[in-house]
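Worksheet for the structure shown next.
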Amino acid sequence: MHMNRSRYVAFAAALLLGGCAPVFAPPGSALDAGSAGWRTQWGPGQADFERIVPGQWTRADVERTFGPPALIERVASWDGPIMTYRWRDAGGARMFYSIYLDSQGVVRRAHPSMEVRDRLFDRF
């Protein structure tokens, strides 16, 4: 009987103390004033990236504002690095934002795109 009582006391204490614990929002979350709950955005979205001004922003500006990209790559059709950031839009679609830099590190082109995946592979 003593063992059961100890379990109940421990359970009740956990419930009480858990109710006193502060609730922290995840990084990048914002309270949406138009709703009763949290609107969570993990990192920047398209509206944030659209602040980039080609010809004015540099690689340093982009990295200072958005942090390191998910991917930096080169392609034969562009003479400079392409920085790629990822996020999910409001509908949950996987999105990219590609930022094309010239050889001096100045943004020359920037645009969003959607990740296209074969749904067959999503099952595995």
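At-a-glance table
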| read-out | value |
| --- | --- |
| Selection count, the stretch 78-110, where residues are in a strand (DSSP E or B) and either within 21 Å of Q56 (Cα to Cα) or hydroxyl-bearing (S, T, Y) (or both) | 14 |
| Residue ID - nearest to the chain's Cα centre (by Cα), chosen from residues in the stretch 44-60 that are assigned to a helix (DSSP H, G or I) and crowded, with 16+ Cβ neighbours inside 10 Å | F49 |
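Just so you know, all these numbers are worked out from the coordinates, no wet-lab data involved. Every value quoted in this text rests on a predicted model; they were computed, and no experiment measured them. Methodologically, a virtual Cβ is constructed for each residue, glycine included, from the backbone with ideal geometry; neighbour enumeration extends over all protein chains shown.
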